[in-house]
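The values are calculated or read from the model by the stated rules, or taken from the named source; none is laboratory data. Because the structure is a prediction, the values reported are computed rather than measured. Here the Cβ positions follow ideal geometry from the backbone for every residue, glycine too, while neighbour counts run over all protein chains shown.
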Amino acid sequence: MKNALHLFLLLVSLNEYTYSQQTINGTITHNGMMRSYILYVPAIYSASTAVPLLFNFHGYTSNATQQLIYGDFRPIADTANMIIVHPQGTLDVNGNTHFNVGWGGSAADDVGFTEALMDSISSSYSIDQARIYSVGMSNGGFMSLYLACTLSERIAAIGSITGSMTPAMINACNSTHSMPVIQIHGTNDATVPYVGIAGFAASVENVLDYWVSLNNCNPLPIFENVPNINVNDGSTVEKYTYENGDNCSEVVHYKVIDGGHTWPGSSIVLTGTNLDFKATKEIWNFLRNYSLSGLSGCNGVSIPEEVHTPRVIVSPNPCSEVISISSNHVATPYQLFSSLGTLVRSGTAVHGLTTIDINSLSPNIYLLQVGDAMVKVIKE
């Protein structure tokens, strides 16, 4: 009874966290122009702990609000304890929202805007300056790759979804350190084609080759077929991992066979969206391991353990049917408790991946205990 009460009170506390996070619409003035952004601060944030900062850039003609929802890292931030900023682009000569990466007839200094935003957020929040990351969709993917070239002294690692690099960007790229990159792209992308467009976008193969060479990674990748868990989405996924770069950097590519110009695993499912994996999850699992000094544990470099970060990874979370436990525990018992402290599932988590069927459980918040680690699980 005492244990059940303890779990109930902990779940109440977690519910309070869920509803006390902050979504802030902010502005700064840069180059005489008022620029806007949306900041997401998780409930578990405390000024006493320096946390990572993730830039999440929207695509061409899109906006910060749409990107916050479409490429949604908020559920991850709630347990990983990171702050997310969604910058808002300006209008180009055609009246479309964009970030200036060298095309579109724009004069906006979006690199300067990004750095000014870093400084502004860092003046108000406790930010780990060695763990600032950038991701983006389409034009936002271009922007993340552009920052890897132009603001690398402050960017630890980046992710690009359906983005690329212009030929000029590749020729002038000046990254000051090895740059871990995760690139996700569909082979049927009609907006930023996988094979590239002359003068506009390098092929995905050329982008990968550039970063593999810059990082001195092994040019022969490790190949994996991502499990085809959704046979109705019209696409499959191949994963390529280029290992053993400087400072243990890697370049990872998710090649979505027959996938379109979309964000895999998004709750907003557009034509051509792959549902075999969640891009947000895979991106964060990649980025979180890196600081400006390289991979955690490489050459004695370590990344501080984050407050409230579980030592096991549960995905997807929120979930609906099956959850997977990724753990380095060896044959450790797990228990899943309801909001009233009732034991609803139990078993043994093995090293690697363990799955739990929760399809029959009611939508609610549950607590999963694996060893001495406790993780909040949201059943949708």
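Observations, loosely collected:
- Those strands (runs of 3 or more DSSP E) lying entirely in the stretch 80-175 with at least 3 residues surrounded by fewer than 23 Cβ atoms within 10 Å (Cβ to Cβ) and in contact (Cβ under 8 Å) with a residue 60 or more places away in the chain: 127-137
- Residue match in the stretch 109-118 (condition: of a type in the set (Gly, Ala, Ser), at pLDDT 95 or above and within 17 Å of the chain's Cα centre (by Cα)): no
- Long-range neighbours under 9 Å by Cβ, at least six apart or interchain, first residue on the phi > 0 side of the Ramachandran plot within the stretch 259-286, second outside any loop (DSSP other than H, G, I, E, B) and of a type in the set (Asp, Glu): Gly265/Glu282
- Qualifying residues in the stretch 18-58 (those that are in a loop (DSSP other than H, G, I, E, B) and in contact with a Pro (Cβ under 9 Å, 6 or more places away or on another chain)) - the one modelled with the lowest pLDDT: Gln21
- Only one of Asp189, Asp276, Asp209 that is surrounded by 19 or more Cβ atoms within 10 Å (Cβ to Cβ), within 30 Å of Gly105 (Cα to Cα) and acidic (Asp, Glu): Asp189
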